[in-house]
Every structure is written in structure tokens, then in C-alpha cells.
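Chemist: Following this message is one structure expressed as C-alpha cells.
The values are calculated or read from the model by the stated rules, or taken from the named source; none is laboratory data. All figures in this text were calculated on a predicted structure; none of them were measured in a lab. Every residue, glycine as well, gets a Cβ built from its backbone with ideal geometry; the counts of neighbours run over all protein chains shown. All accessible areas refer to the heavy atoms of the entire protein, side chains included, with ligands and DNA or RNA removed. Shrake-Rupley method; radii C 1.70, N 1.55, O 1.52, S 1.80 Å.
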Amino acid sequence: MPNTTNGTKIVSSIYELNYVEQRNGERYKNFPLLVATIKNLIFPEYNYVIYTDKNSYEKFNLEYEFNFPNVEFKFKELNTSETCELIDKIRMEELSGGMNYDRIYCVNNYLEVVLNKLKFLIDESFDCENIFWVDAGLIGTSCHDGWRDYMAPLINSKNFIDKVVEKIEKHGFIHLKGNSIVMNYEMVARFNNLFGVELKVVPGCLFGGKSEKVRHILDGYLDIFTSYLQQHNQLISEQEVLTALTGIKKDDCYAFEFGDWLDLQKAFLDILDIYDETKYVREKCYV
């Protein structure tokens, strides 16, 4: 991979994930959407690492789709983590009890993929100055319908990536945070008791920072996951894990805040320095 002048690395992953018994559809998210989202964010000034497995790589011609000199593929096969056996046991127990549509239970290997986001950032952080994760579902399923088409060209731009790096340089470590996402009250109480943090969802679509800050903040991510699993015999996703990590080390993090999931565009507008409190309405974009 060629060296760039800004020392920034952008990491993502593309995996084909199938629902158990095809619950909620054949695949989690639309595969062309995953590919298109990442392709739209590739610019020659930055280095990119995309994790995948051999099956996804070959089946969907990813070598052809990402024929760029600054994109490196790394292969991580699924079902290889030490926690997989325990995760699968809990998943099968939960699914046997009825129609559970939570993706952490009914999408094969989903948890290993999303937890690997944190592992991949740590692993990739030793040869760059800044590093951050960009999710393949960045805005496609979360921004309000009234904003989605408006936001796409703003997000799919070098200016957006430049702004993310600018915010990392300013704050050290950045993430998004949803303040009004409805959470199960029992989980909220459990997080407070276990980790001493208020459960406000931190999305896994965009987070990262200075390399040493990334290692400092994300270190121990598996301890958070396994602590909750062992205490309550339930699974959590990378969103809850990030909530705990960034809550415990909140003085080292900066959050771009929004309300519920349909308000996600507010955080992106803030990153782009075009959020205007006097004009912003969640249901209607301003031009």
C-alpha cells in the first residue's frame, strides 16, 4: 500500500451475513449497498484497509470492485474467535424460545463481525497517526428519509473525510452518541451497576482517533462484552460495548450527539460544520 502524506488510515469490513432461517430477509443489509458505500468514500489521499473473508471476496468480485492502489484487503475468516462457542450457545437458546428478530441473535456471525471492528482498529493502529472506522451502512439505513438523499453527496465526499480527520486532530478521539434512543430499562440499570455509565447508544458506523488514543480507549473491549455476557447470559453488540468504553473514559472522548436513530444526520452535519440550530428540523432538510 502506498504511503500518503496525512498518516491517516480508514478501516472497514465487507462480509456476507445470512439470517438464521432467513428471518427478516436473506441477508443482513443489501450487499451492493455495502460495496457502494465504501467505494464512494475512497480518495487517493488516504489509505484504506478492508477486512473480509474468502467467500465474500470471491463471490462478489471485491478485487475488481476495489481496484485502487491505496486499498488493501485483509482476510479474517469467521467462527475463529475464542468466544464463538459461548455466543452461539446463547444465540441458539434465545432463538429456540420464539421469534427473536434482534440481529445480534438471528444473523449468523453478526456479533463476531461487529466486535471485530474494535479489534481491527487496535491491530491497524501501529503504523499510522490517525485511524478510524467507517461502516458500510454509514447513512443508508439510519438518516431520516427527508434527509437521506440530501446527506449522501455531503457524506460521499473528500470534504467529509477531511472533516473527520480535522475533528480527530482537535479532539483526539471522536464518536457519535444517540441521546434519545429507546433502551430497555433493565439493560440501562445493568450497565450502570456493571460499568458505572449511563447507557446512551454509541453507533458503530463512525469512530476513531489518534492511534494511541484508539488503543487506550478500545483496550479491554472484550472484557466489557464478556462481563455482561457472564453476568446476565445475554449478548450485546459493539454499540453497547462502545458506550461502556467511551463512558468509562469519557474525558478522553468527544461525542457528536443526536437524538434517536432518525436524527442521525444531526451528528454528520455537526462534523461537517454546517449544523444550524436555528434551522434544523429532523423531518425536513434545509438547503
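Chemist: Taking the Cα centre of the range 120-212 as origin, sum charge times position over the Cβ atoms of Lys and Arg (+1) and Asp and Glu (-1), and report the length of that vector in debye to the nearest 20. Provide the component values of the computation, followed by the final result.
Modeler: Values: 9 positive and 13 negative charges, 71 e Å.
In debye, rounded to 20, the range 120-212 gives about 340.
Chemist: Would you give the gap between the C-alpha center of the range 162-194 and the C-alpha center of the range 111-127, rounded to a whole Å?
Modeler: 18
Chemist: Now, a different point. Ignoring ligands, DNA and RNA, how do SER13, SER180 rank by accessible area with a 1.4 Å probe, largest first?
Modeler: Numbers: SER13 15, SER180 70 Å².
Result, largest first: SER180, SER13.
Chemist: Let me ask something additional. Provide the per-residue ³J(HN,Hα) series for the range 64-73, in order, calculated from phi with Karplus coefficients 6.51, -1.76, 1.60 and θ = phi - 60°, each as a whole number of Hz, with x at glycine and proline positions.
Modeler: Values, residue by residue: 6, 4, 10, 7, 10, x, 9, 10, 10, 8 Hz.
Chemist: Under unit Cβ charges (Lys, Arg +1; Asp, Glu -1), what dipole magnitude, rounded to 20 debye, does the chain have relative to its Cα centre?
Modeler: Details: 31 positive and 44 negative charges, 66 e Å.
Rounded to the nearest 20 debye, it is 320 debye.
Chemist: Suppose accessible area is computed on protein heavy atoms with a 1.4 Å probe; arrange ILE14, ILE42 from highest to lowest. Before the final figure, lay out each step's value.
Modeler: Numbers: ILE14 0, ILE42 20 Å².
The most accessible residue leads, giving ILE42, ILE14.
Chemist: Leaving out ligands, DNA and RNA, and with a 1.4 Å probe, what % of the accessible surface on the range 114-201 is carbon or sulfur? Before the final figure, lay out each step's value.
Modeler: Numbers: 1710 of 3670 Å².
Carbon with sulfur: 47 percent of the solvent-accessible area.
Chemist: Per the 1.4 Å probe, what fraction of the accessible area of the range 212-285, in percent, lies on carbon and sulfur atoms? Intermediate results must be reported in sequence, preceding the final value.
Modeler: Numbers: 1500 of 3500 Å².
That fraction is 43 percent.
Chemist: Where both partners of a DSSP beta bridge lie in the chain, what percent of those bridges are antiparallel, to the nearest 5? Don't skip to the end; give the middle numbers.
Modeler: On the way: 11 of 30 bridges.
Bridges in the chain are about 35 percent antiparallel.
Chemist: Between GLU198 and LYS284, what length comes free when the chain is fully extended (0.36 nm per residue of separation minus the Cα-Cα distance, one decimal in nm)? Show your work: numbers first, answer last.
Modeler: On the way: separation 86, 0.36 × 86 = 30.96 nm, distance 3.02 nm.
Extending this stretch completely gives an extra 27.9 nm.
Chemist: Restricting the count to DSSP beta bridges whose residues both fall in the range 135-287, what percent are antiparallel, rounded to a multiple of 5? It would help to have the intermediate numbers written out before the result.
Modeler: On the way: 4 of 9 bridges.
In the range 135-287, DSSP labels about 45 percent of beta bridges as antiparallel.
Chemist: With a 10 Å cut-off between alpha carbons and a GNM built on the chain, which of ASN18, ASN70, ASN193 moves the most?
Modeler: The residue that fluctuates most here is ASN193.
Chemist: Now, a different point. Can you find, among PRO44, GLY220, LEU262, the residue sitting farthest towards the positive end of the charge dipole of the chain, where Lys and Arg contribute +1 and Asp and Glu -1 at Cβ?
Modeler: The listed residue farthest towards the positive side: LEU262.
Chemist: If I build a Gaussian network model for the chain, linking alpha-carbon pairs within less than 10 angstrom, which residue out of LEU218, LEU229, LEU118 has the largest mean-square fluctuation?
Modeler: In this elastic network of the chain, the residue with the biggest mean-square fluctuation among LEU218, LEU229, LEU118 is LEU229.
Chemist: Which whole-number percentage describes the relative contact order of the range 218-268, with Cα contacts under 8 Å and a sequence gap of 6 or more?
Modeler: Numbers: 26 pairs, mean separation 12.7, N = 51.
Relative contact order of the range 218-268: 25 percent.
Chemist: Counting only helical runs of four or more DSSP H residues, what would the 222 nm mean residue ellipticity of the chain come to if each run contributes -39,500 (n - 2.57) and the total is spread over all its residues?
Modeler: Helices in the chain give a 222 nm mean residue ellipticity of -12500 deg cm²/dmol.
Chemist: Under a 5 Å amide H to amide H cut-off, with H placed in plane at 1.01 Å, what residues pair with VAL107 once short-range neighbours are removed?
Modeler: VAL20
Chemist: Along the charge dipole of the chain, which of ILE87, ALA136, ILE274 sits closest to the positive end, that is, farthest toward it, with unit charges on the beta carbon of Lys, Arg, Asp and Glu (+1, +1, -1, -1)?
Modeler: After comparing all options, I get ILE274.
Chemist: In whole Hz, what ³J(HN,Hα) sequence does the range 262-278 give by Karplus (6.51, -1.76, 1.60; θ = phi - 60°), x for Gly and Pro?
Modeler: After applying 6.51 cos²θ - 1.76 cosθ + 1.60, I find 6, 10, 4, 4, 4, 5, 5, 4, 5, 4, 7, 6, 10, 6, 10, 4, 6 Hz.
Chemist: Mean separation of Cα pairs under 8 Å and 6+ residues apart, divided by the residue count of the chain: what relative contact order is that in percent? Spell out each step's value before the answer.
Modeler: Details: 450 pairs, mean separation 60.6, N = 287.
Relative contact order here is 21 percent.
Chemist: Once each part is reduced to its C-alpha centroid, what is the distance from the range 271-287 to the range 36-88 in angstrom?
Modeler: First find each Cα centre; the distance between them is then 33 Å.
Chemist: Compute the FRET efficiency between HIS232 and GLU212 as 1/(1 + (r/R0)^6), taking r as their Cβ-Cβ distance and R0 = 22 Å, and round to the nearest 0.05.
Modeler: Numbers: r = 33 Å, r/R0 = 1.49.
In this case the efficiency is close to 0.10.
Chemist: Rolling a 1.4 angstrom probe over the protein chains, ignoring ligands and nucleic acids, what is the accessible area of ARG282 in square angstrom, nearest 10?
Modeler: The accessible area of ARG282 comes to roughly 70 Å².
Chemist: Here's something else I'd like to know. Counting other Cβ atoms within 10 Å of each Cβ, which chymotrypsin sites (Phe, Trp or Tyr not before Pro) in the range 43-72 have at most 14 and sit in a DSSP loop? Kindly include the intermediate steps, with their values, before the conclusion.
Modeler: Working: sites: TYR46, TYR48, TYR51, TYR57, PHE60, TYR64, PHE66; in loops: TYR46, PHE60, PHE66.
Answer in residue order: no site qualifies.
Chemist: Please turn the phi angles of the range 197-210 into ³J(HN,Hα) values with the Karplus equation 6.51 cos²θ - 1.76 cosθ + 1.60 (θ = phi - 60°), one per residue in order, whole Hz, x for glycine and proline.
Modeler: Values per residue, Gly and Pro as x: 10, 7, 7, 10, 4, 9, x, x, 7, 7, 6, x, x, 4 Hz.
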